[in-house]
Amino acid sequence: MTAAELQSLGGKARAKALTKNERSEIARKGAQARNAKLLAAERTRIAKKAVAAREAKRSLSSKQRDRQTGGR
């Protein structure tokens, strides 16, 4: 077994041992650490992309609903 495979097993075992809240807290702290490294302009660009993606998804969902209901 390679070192990477052993590390993967360790990570999976750790995740299994943690509660959902503990995993969520670890993920939140990681996101905060990554976000702290970004410049304000980069955060704005990422936020705008997220908003555009959300709007596109909503638009697609409403078009699918219209097709299913015959435009009602």
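The values are calculated or read from the model by the stated rules, or taken from the named source; none is laboratory data. Quick caveat, the model's predicted, so the values are computed rather than measured. Every residue, glycine among them, receives a Cβ derived from its backbone with ideal geometry; neighbour counts consider all protein chains shown. These accessible areas exclude ligands, DNA and RNA; they are computed on the full protein's heavy atoms, side chains included. Shrake-Rupley method; radii C 1.70, N 1.55, O 1.52, S 1.80 Å.
Below is a table of values for the structure above.
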quantity	calculated
Verdict on LYS37 being farther than 30 Å from ALA15 by Cα, open to solvent by 60 Å² or more (accessible area, probe 1.4 Å) and basic (Lys, Arg)	no
Condition check for SER61: open to solvent by less than 70 Å² (accessible area, probe 1.4 Å), in a helix (DSSP H, G or I) and modelled with pLDDT under 85	yes
In region 1-34, residue modelled with the highest pLDDT [restricted to those that are exposed (fewer than 10 other Cβ atoms within 10 Å of the Cβ) and in a loop (DSSP other than H, G, I, E, B)]	THR19
Hey, GLU55 open to solvent by 90 Å² or more (accessible area, probe 1.4 Å) and either of a type in the set (Ser, Thr, Tyr) or free of Cβ contacts under 8 Å to residues at least 12 places away in the same chain (or both) or not	yes
